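Nothing in this text is a laboratory measurement; each read-out follows from the coordinates by a stated rule. All figures in this text were calculated on a predicted structure; none of them were measured in a lab. Note: ideal-geometry Cβ built from the backbone for every residue, glycine included; neighbour counts use all protein chains shown.
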Amino acid sequence: MSEGSKQIQLFPTCLVDEIRPEAGWAVVRVLEAAGLEVSLPEGLVCCGQPAYNAGFHEDARQVLRHVLTVLDATEGWILIPSGSCADMLIHQSLELCRDDAPLLEVARRVGSRCRELSAFLDEDLGWRGQHLPRKDERVAYHPSCHLSRGLGVTESPGRLLESLRGIELVPFDEQDECCGFGGLFSVKQSDISASMMNRKLDRIEKSGAGTLVSCDLGCLVHLGGGLHRRQSGIRVCHVAEILAERLPQDEPA
Amino acid sequence: MSAFQDRVREAVQNDHLHVAIERATSALKGRRQVALDSIPDFEQVRDFGRAVKLATIARLDEHLVRFEEKLLQNGFQVHWAEDGEQARQIVLDIARRRDAKSVVKAKSMATEEIHLNAALEEAGLDVLETDLGEYIAQLAGQPPSHIILPILHMTREDVGQVLHDRLGVPLTDDPQVMAKTARETLRAKFLEADLGITGANFGVVEEGAICLVSNEGNIRLTTSLPKVHVAIMGIEKLVPTLSDLEKMLRLLARSATGQKLTAYTSLVRGPKRSPEDEGPEEVHLILLDNGRSKILAGDQAEILACIRCGACLNICPVYKQIGGHAYGDTYPGPIGSIVTPGIRGLKTTSELPQASSLCGACRDICPVRLDIPRMLLSLRRESQTEAPPSLFWRMSMRAFAFFATRPAWYRTVRPIGRFVMRRLASEGWLSSGLGPLGAWTKERDFQAPARRSFQEEWRARQKEAGR
């Protein structure tokens, strides 16, 4: 892969694909506006994380093997608009394949090409949005666990958001605490999960934010579902969406 | 519904519990940060601590042999206990031989693990916990809910109530007054105790000594006033030298209570050497296995490097929601969810490793950088054979793997699922359902899938563009 390659492979993630395609289009618009060429590899479904986190490692390995095979046949950066799926393909894949040397080799090769969206925009592209039209908004940012603790991406989302004119980032108590999603944890341990979520939502509502932003749709589907149940007026959006909605509208992706 | 889920449901609805936990953990969080800032090389000390503990457990057999040799030289009486039953029997035999009537105890998770108090009381001994928190727990008839702060689940108003109910003292919520009440009751008992029982924070191999820390001075009294001192220590708690110990103590105090060092650090080097000396006539050390050598041979051996500081409990969002008692065994929180299956077996404890969102806050805060999420995942994997999940989940995961590896099949069937969900949804949201959807929608709504998926739309647009 050449350093200056403009070719980007998009791993849309299953949640973006099925639940919130708008977030996928937002990713495409942001990347294309930055002069990159986005491709969508054929045959991607899921990274296998649901089975992996639930302990079904044989099933997870089958899914991972498929994903790695698809991605290994492509070139350029693999862009993942989710901290959790990126952590799966960069770190957890190595643990899952540790007893399968040939697959481990592929996992290393593919993993080294994977980038999480906010880190890529901030660190690799130096993306800043101060030239984009102003839109006033009070934003609460939820740092997802696998993004901040798994991948160590703690500053990038804030830098991207702060570069937009009119955005006020509002802090809230225990901001870096888990929202309680945790994949199948949310249904297998739903009492604990919902209790964590409610604690989080109380704090977000108290912050006075009008918009909740995160880099992971898992957390957003969970928190957004809680907000909808509460009939809250807070809107939730993926980081790509809040960036993309400020781009000029004339050229839809 | 399992007993674990019952306890969880009760705990998440217990607002009083959340107040108590919040008060304690937020105070600890602040203190810990101040203490950490006081050593500039904290990160290196962590690396060092991790390296020392991992190297020690990697050659645990050799270290234990050497440790016993050194202990014997110092006059310790050394006992090996394969399980809780053996350990209890050893203590009861010592008590019987010395004709002991009353026992004072220092806070010890190892004795909780083997349910020692119940066995002693059954044998007719009078047992008194001398750690303030543990004493209150004993008065209240409850097990500790935290490995460092036994009554973290109680507010100070609760403590005042327990003292009032059990000791008949006036009701108060003033911690100073309560501590004074408890101390006065305890001090009288120290003088008449025949047996002092403690755990051990560390065993120092080259010194043939055990190290105990406390903030109340009760450990010093427990190990010096009674004629016989019995200590019970898990076999993994070794450090090779005093210089290693010094670093581990710095890590432990900062992580556990946010102190630079605990107020009292006792190094027990055996019984008194001559009749004029102060101290016990006999010092026994019971080295407890109780599943630890099995853990050592398995995929979670790393957990044996745990120094029991409790930092992972204080940071854990799950622990904060359910408290220590909901875990249902001696060691709660993230480390408990690994240690408990290790010592009791996965068959009866397989729900514990599931009770984590794998957020990783425990891994980040652990003074010896234990990869707790990795070990939880590895236990979830082992649960597949030890305590097989329901047919529903097994079939679901097989189906998931089948379709996720066959994109053409997936493309064919997914419109069906989407159609059903969209039909059931109202304005794009589902607010009830069966199975996992029912669990999800108990307290949150579920956004129905989009009319057209991102990938479908992408292919359609490509076709349109003639690409």
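Structural remarks
- Cα-based convex hull, the range B:51-149, per residue volume (Å³, whole number): 138 Å³
- Close amide H partners of B:Ala231, meaning residues 5 or more places away or on another chain with modelled amide H under 5 Å apart, are B:Thr198, B:His284, B:Leu285, B:Ile286.
- From the largest down, the range B:1-87 spans 53, 44, 25 angstrom on the principal axes of its Cα atoms.
- One quarter of the surface of the convex hull around the alpha-carbon atoms of the protein assembly as shown equals 33.3 nm², the direction-averaged projected area.
- Intensity falloff of the range B:131-176 expressed as log10 I(q)/I(0), Debye formula with alpha-carbon point scatterers, at q = 0.13 Å⁻¹: -0.24
- Taking a Cβ cut-off of under 15 Å around B:Ala110, the surrounding Lys, Arg, Asp and Glu residues balance to a net charge of -4, with basic ones at +1 and acidic ones at -1.
- Taking the longest Cα principal axis of chain B as reference, the axis of helix B:372-386 is set at about 80 degrees.
- Computed from backbone phi with θ = phi - 60° and the Karplus coefficients 6.51, -1.76 and 1.60, the 3J(HN,Hα) list for the range B:297-307 is 7, x, 7, 10, 3, 3, 5, 5, 7, 4, 9 Hz; x is used for glycine and proline.
- Integer Hz, Karplus 6.51/-1.76/1.60 couplings in order for the range B:354-370, x for Gly and Pro: 7, 7, 8, 8, 6, 6, x, 4, 5, 5, 5, 8, 4, x, 10, 6, 5
- Amide H contacts of A:Ser39: A:Ile8, A:Gln9, A:Leu10, each under 5 Å away and 5 or more positions distant or on a separate chain (H built 1.01 Å from N in the peptide plane; Pro and chain starts excluded).
- Among the listed pairs B:Lys101/B:Lys320; A:Lys206/B:Lys180; A:Lys188/B:Lys320; B:Lys107/B:Lys320, those with a Cα-Cα distance over 29 Å are B:Lys101/B:Lys320; A:Lys206/B:Lys180.
- Count Lys and Arg as plus one, Asp and Glu as minus one, and take only other residues whose Cβ is under 12 Å from that of B:Arg31; the net charge is then +3.
- In whole angstrom, the range B:395-441 maps to an equivalent ellipsoid with semi-axes of 23, 15, 6, each derived as √(5λ) from the alpha carbon gyration tensor and ordered largest first.
- DSSP assigns beta bridges within the protein assembly as shown; of those with both partners inside it, close to 20 percent run antiparallel.
- ³J(HN,Hα) computed for each position of the range B:438-443 - Karplus, 6.51 cos²θ - 1.76 cosθ + 1.60, integer Hz, glycine/proline x: x, 5, 4, 7, 4, 10
- Loop trypsin sites (Lys or Arg not before Pro), the range A:216-248 (other Cβ atoms within 10 Å of the site Cβ: 10 or fewer; DSSP): none
- Over chain A, the ratio between the Cα radius of gyration and 2.2 N^0.38 Å evaluates to 0.99.
- Dipole magnitude (debye, nearest 20) for the protein assembly as shown, charges at Cβ of Lys, Arg, Asp, Glu: 1380 debye
- Annotation: amide H of B:Leu238 within the under-5 Å range of B:Gly203, sequence separation 5 or more or interchain, hydrogens built in the peptide plane.
- By the Cα gyration tensor, the range A:140-191 has an equivalent ellipsoid whose semi-axes, rounded to whole angstrom, run 26, 13, 9 from largest to smallest.
- The dipole here belongs to the range A:105-226: it is taken about the Cα centre, uses +1 on the Cβ of Lys and Arg and -1 on the Cβ of Asp and Glu, and is about 300 debye.
- Taken over chain B, the alpha-carbon convex hull comes to 192 cubic angstrom per residue.
- Convex hull volume of the range B:356-453 per residue (C-alpha atoms, cubic angstrom): 160 Å³
- Computed [θ] at 222 nm, helices only, for chain A once each DSSP H run of length n ≥ 4 contributes -39500 (n - 2.57): -12000 deg cm²/dmol
- The helix-based estimate of mean residue ellipticity at 222 nm for chain B, built from -39,500 (n - 2.57) per DSSP H run of four or more residues and divided by its residue count, is -16500 deg cm²/dmol to the nearest 500.
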